Amino acid sequence: QMQYVESGGGVVQPGGSLRLSCEGSGNVLRFGLSPMAWYRQGLGQVRELVASINSDLTTKYAESVKGRFTISRDNAMKTVYLQINNLQPKDTALYLCNRTPPADNWGQGTQVRVSA
């Protein structure tokens with residue numbers, strides 16, 4: 001199994017931006033071949049997938065984040081990124097990464113809070 005360390009969250013005002021990072025462990029080839037995703041879980045809410053990226057760099061996004069979120073990856077660094085622009089209060093959540101579908105233990109995540 002791989003393990004993940006997420007970072008980059010914080011408190012931002014509506015309209016602000018953040019860049020989240022997820023560093024994976026383990027074999028670099030395995031990481032590079034794995035479809036990866038960012039998920040988020042708001043307080044009292046079900047965890048949802050917000051963006052995914054395949055080994056061929058094709059991406060998919062949840063409707064609620066299209067046009068504002070951009071997922072990317074650096075396989076040599078075993079890292080997946082999530083650029084979030086035009087943050088809105090509804091984006092407040094704990095953001096986590098994993099394979100898609102999830103196949104590894106969840107990391108601690110990184111908290112994003114959008115507040116004026």
Kindly indicate whether any position in region 84-91 is in contact (Cβ under 8 Å) with a residue 40 or more places away in the chain, buried (at least 21 other Cβ atoms within 10 Å of the Cβ) and among the β-branched types (Val, Ile, Thr). yes
Report, by residue number, each residue of region 65-78 that is more than 18 Å from Ala103 (Cβ to Cβ) and modelled with pLDDT of 95 or more. Val65, Lys66, Gly67, Arg68, Phe69, Thr70, Ser72, Asp74
For region 73-98, give me each residue that is aliphatic (A, V, I, L, M) and either part of a strand (DSSP E or B) or over 29 Å from Leu33 (Cβ atoms) (or both). Val80, Leu82, Ile84, Leu87, Ala93, Leu94, Leu96
Pairs please, first residue from region 22-39 and modelled with pLDDT under 90, second anywhere and open to solvent by less than 10 Å² (accessible area, probe 1.4 Å), Cβ atoms under 6 Å, 6+ apart in sequence or on different chains. Gly26/Met2
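Would you check if Arg73 is of a type in the set (D, E, K, R), open to solvent by 10 Å² or more (accessible area, probe 1.4 Å) and in contact with an Asp or Glu (Cβ under 8 Å, 6 or more places away or on another chain)?
Values: of a type in the set (D, E, K, R): yes; open to solvent by 10 Å² or more (accessible area, probe 1.4 Å): yes; in contact with an Asp or Glu (Cβ under 8 Å, 6 or more places away or on another chain): no.
For Arg73, the condition - of a type in the set (D, E, K, R), open to solvent by 10 Å² or more (accessible area, probe 1.4 Å) and in contact with an Asp or Glu (Cβ under 8 Å, 6 or more places away or on another chain) - is not met.
The values are calculated or read from the model by the stated rules, or taken from the named source; none is laboratory data. It should be emphasised that the depicted structure is a prediction, and the values quoted were computed from it without experimental measurement. Backbone-built Cβ (ideal geometry, glycine too); neighbour counts: all protein chains shown. Just so you know, the surface numbers come from the protein's heavy atoms only, side chains and all, with ligands and any DNA or RNA stripped out. Shrake-Rupley method; radii C 1.70, N 1.55, O 1.52, S 1.80 Å.
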